[in-house]
Amino acid sequence: MAENNRAAGRAGAAADAGDVPAKTARAPLTWRDLYRALAAWAPDLTPDGWWGIADPYERAWGTVLVQNTAWTNAKRALEGLRARGLTAPDALEVADRAAVEKAIRPAGYYRQKAATLRRLAAFLRRTPLEQPCDAASVEALRRALLAIKGVGEETADTLLLYVFRLPAFIGDAYTRRLAERLWGRPFAYGEVRRAVLAEGFAVDELALFHALIVEFGKDVCRKNAPRCAGCPLAAACQLAGRVGARR
Ligand code: SF4
């Protein structure tokens, strides 16, 4: 879902993110500060453009297919489902197991993923995409998604945010790595999720925020060789220029 927007990140890399507060004890970076800085870094990025898929059910299948593989492989598997007319929940739920496995083979783990897709399809067939957005209802839906075998926290939160369009956030590896470097300490999945949601972002902002973090993590704050020189967050980052030296 990300590769078609890497140009947006590169184009925005030189953008002025001047409202990032410097790291001081009195003015710690907030998630809102981070959101603003990343939005300035890639001003043309949109959640829909980042996904490259408008259909909510195709997004749901993509969320499962991308587990433990690259998006390019998940996309090929999704094309396999499309070619066999298996992208609607009612079609996928009752599809022949072997046919689903064959369609999604490029994504790897195809037996487990085919079973998860069929279970998720059954769930989505009986669950309207329009859902109440109060906190208790969202939490109940999250628990129901997590009860589906093969759906973990990252998958459930991605489904909530990009399929149901509800307030949710994904504390994935990109987000935790960036947070660790910016704030100088480790973050757990749930801590990231709760901290971002506590700052009162709108759903559209949350959807863009995650896309921005992923693209920034691929282009600038990379796992092994972050581009700290010229990074728009360097002034606020606890580990600017020190990631290689530290590990
Ligand atoms: S300064 Fe370096 S480590 Fe810090 S956010 Fe930027 S790229 Fe990542």
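The values are calculated or read from the model by the stated rules, or taken from the named source; none is laboratory data. Keep in mind that this is a model prediction, so the values were computed, not measured. In this analysis, Cβ positions are derived from the backbone assuming ideal geometry, glycine residues included, and neighbour counts consider all displayed protein chains.
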### Query
Is at least one residue of region 213-233 within 23 Å of Val151 (Cα to Cα) and not assigned by TED's automatic domain parsing to the domain that holds Thr63?
yes
### Message
All but one of (1) buried (at least 17 other Cβ atoms within 10 Å of the Cβ); (2) modelled with pLDDT of 95 or more; (3) closer than 17 Å to Leu182 by Cα hold for Ala17; state the number of the condition that does not hold.
### Response
(2)
## Note on the structure
Quick count over region 204-247, residues being within 11 Å of the ligand (Cβ to nearest atom), over 14 Å from Glu180 (Cα atoms) and β-branched (Val, Ile, Thr), is 1
### Task
For Tyr109, state whether it is among the aromatic types (Phe, Trp, Tyr) and not assigned by TED's automatic domain parsing to the domain that holds Ala70.
no
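Of the residues Arg97, Arg143, Arg125, which single one is under 15 Å from Ala60 (Cβ atoms) and charged (D, E, K, R)? Show your work before the answer.
Numbers: Arg97 fails: under 15 Å from Ala60 (Cβ atoms); Arg143 fails: under 15 Å from Ala60 (Cβ atoms).
Sole residue among the options that is under 15 Å from Ala60 (Cβ atoms) and charged (D, E, K, R): Arg125.
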#### Entry: Per-region count, region 61-76, residues touching a residue at least 60 places away in the same chain (Cβ under 8 Å) and either of a type in the set (S, T, N, Q) or touching a Ser or Thr at 6+ places or on another chain (Cβ under 6 Å) (or both)
4
### Task
Would you mention how many residues in region 51-86 are of a type in the set (A, V, I, L, M) and closer than 14 Å to Val151 by Cβ?
4
### Task
Among the residues of region 151-162, write down those that are surrounded by fewer than 21 Cβ atoms within 10 Å (Cβ to Cβ) and more than 11 Å from the chain's Cα centre (by Cα).
Gly152, Glu153
### Query
Can you tell me how many residues in region 33-60 are more than 19 Å from Ala202 (Cβ to Cβ) and either free of Cβ contacts under 8 Å to residues at least 40 places away in the same chain or touching a Lys or Arg at 6+ places or on another chain (Cβ under 9 Å) (or both)?
6
### Query
Here are some conditions: (1) more than 15 Å from the ligand (Cβ to nearest atom); (2) under 27 Å from Ala70 (Cα atoms). Glu199 meets all but one. Which one does it not meet?
(2)
### Residues of region 54-92 that turn out to be under 16 Å from Leu161 (Cα atoms) and surrounded by fewer than 17 Cβ atoms within 10 Å (Cβ to Cβ), as a count
3
